[in-house]
Amino acid sequence: MKKVKAWLQASRLASQSYIFFPLLLGQSCWYAQQKTLDIWILVLVHAYGLCVQLYIVYANDYADTATDRINSTYNLFSGGSRVLVDGLLIPRELLAGIMITVLATILVGAMLWHFAARPFSLLFIAVSLGLLWLYSYKPVQLSYRGGGELLQMLGVGGVLPLFGYYAQAGTVTGFPLMFLAFILPAQLSCALATALPDQPSDRQSGKRTCAVLFGAAATKVIISALNIVSIATCLFVFPRAPLRCVMPSLVCNAFMLMLIPHSPPGSRRLNLFVTCAVASTVLLTAMCAVALLL
């Protein structure tokens with residue numbers, strides 16, 4: 001039972017929302033165009049989403065153990081799952097979990113190729129797996145060199161919606177690229193926010209995140225500005241998005257603006273700020289995806 005709890009902790013299933021809704025948004029775009037949705041493909045796409053999310057959290061835990069050990073300001077969204085730091089799992093077990101999720105992800109891609117004639121599924125999967133390697137592992141290790149948040153934005157805000165659309169449509173040529181104008185700023189905002197609590201340990205370990213490079217105060221302003229840009233752009237490029245689609249994000253951003261002052265790493269105010277930033281991105285993506293399905 002302890003091992004089961006440890007694996008559930010390592011899996012950080014709450015972060016599945018980062019993956020689920022961008023994939024759903026891509027598929028919703030196809031549905032809005034053609035009024036058809038293949039349920040089996042939808043199931044396979046979200047099976048991929050679960051596998052790749054587990055791969056990401058396991059692989060990040062494995063790569064960032066040293067930094068996580070000195071992190072005392074982590075929260076629900078940052079600092080890893082703590083299973084290696086607290087000795088709940090050993091590195092060999094987590095490495096096995098990484099390999100299993102990689103194989104499972106490739107298997108889903110092969111099934112999409114074989115049963116749905118989607119050969120480029122394996123290319124999308126290779127790119128998504130490769131982005132995490134570029135983010136966390138040497139020799140590139142962009143999370144330490146700067147640009148890690150941009151890489152996360154491209155993966156979650158670019159690759160996932162395109163893959164969702166491709167899986168249903170069999171092509172990406174009809175994907176409304178203008179949607180990226182509001183998806184990408186929102187995802188960059190989320191990536192910057194989840195790194196905020198880790199600023200002290202990231203600085204100690206040499207990570208060049210936005211919070212380390214520009215300071216927490218400036219980063220919080222950037223996050224709020226990106227959210228405002230994303231919401232405004234959504235209303236402009238997404239005519240099917242009524243005000244109710246962006247209202248939850250507007251509310252989250254209003255709270256964020258109030259929480260910018262006096263919210264250092266480790267404080268409840270910063271934890272609430274990060275929660276609002278994540279909620280703003282997830283809710284905007286989810287509401288737009290649902291609007292396209294209605």
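Which residue is farthest from residue 191 (Cα to Cα), if the candidates are limited to the range 275-294 and must be of a type in the set (Val, Ile, Thr) and in contact with a helix residue (DSSP H, G or I) (Cβ under 6 Å, 6 or more places away or on another chain)?
Among those that are of a type in the set (Val, Ile, Thr) and in contact with a helix residue (DSSP H, G or I) (Cβ under 6 Å, 6 or more places away or on another chain), it is 285.
Would you say residue 19 is surrounded by fewer than 23 Cβ atoms within 10 Å (Cβ to Cβ), in contact with a Gly (Cβ under 6 Å, 6 or more places away or on another chain) and of a type in the set (A, V, I, L, M)?
Taking the combined requirement at face value, the residue satisfies it.
Go through the range 196-217 and count every residue that is aliphatic (A, V, I, L, M) and closer than 18 Å to residue 136 by Cβ.
The total comes to 2.
Of the numbered conditions (1) surrounded by 21 or more Cβ atoms within 10 Å (Cβ to Cβ); (2) modelled with pLDDT of 95 or more; (3) among the polar types (S, T, N, Q), residue 143 satisfies every one except a single condition; which is it?
Here residue 143 clears every test but (2).
Mind counting the residues in the range 65-98 that are of a type in the set (Gly, Ala, Ser) and farther than 22 Å from residue 3 by Cβ?
Residues meeting the conditions: 3.
Is it fair to say residue 52 is within 14 Å of the chain's Cα centre (by Cα), farther than 25 Å from residue 116 by Cα and surrounded by 15 or more Cβ atoms within 10 Å (Cβ to Cβ)?
no
Would a scan of the range 57-79 turn up a residue that is touching a residue at least 60 places away in the same chain (Cβ under 8 Å), loosely packed, with under 14 Cβ neighbours inside 10 Å and within 30 Å of residue 179 (Cβ to Cβ)?
Scanning the range 57-79 turns up no residue that is touching a residue at least 60 places away in the same chain (Cβ under 8 Å), loosely packed, with under 14 Cβ neighbours inside 10 Å and within 30 Å of residue 179 (Cβ to Cβ).
Tell me, which residue of the range 149-202 that is of a type in the set (Val, Ile, Thr) and out of contact with any helix residue (DSSP H, G or I) (no Cβ under 8 Å at 6 or more places or on another chain) is surrounded by the fewest Cβ atoms within 10 Å (Cβ to Cβ)?
Only one residue tops the list, namely 173.
Applying the selection to the range 80-125, what residues are touching a Ser or Thr at 6+ places or on another chain (Cβ under 7 Å) and in contact (Cβ under 8 Å) with a residue 24 or more places away in the chain?
Answer for the range 80-125, where residues must be touching a Ser or Thr at 6+ places or on another chain (Cβ under 7 Å) and in contact (Cβ under 8 Å) with a residue 24 or more places away in the chain: 109, 112, 125.
From 126, 169, which residue is of a type outside the set (Ser, Thr, Tyr), more than 19 Å from the chain's Cα centre (by Cα) and at pLDDT 95 or above?
169
The values are calculated or read from the model by the stated rules, or taken from the named source; none is laboratory data. Because the structure is predicted, anything quoted here is derived from the model rather than measured. Don't worry about glycine lacking a Cβ; one is built from the backbone with ideal geometry, like all the others, and counts go over all protein chains shown.
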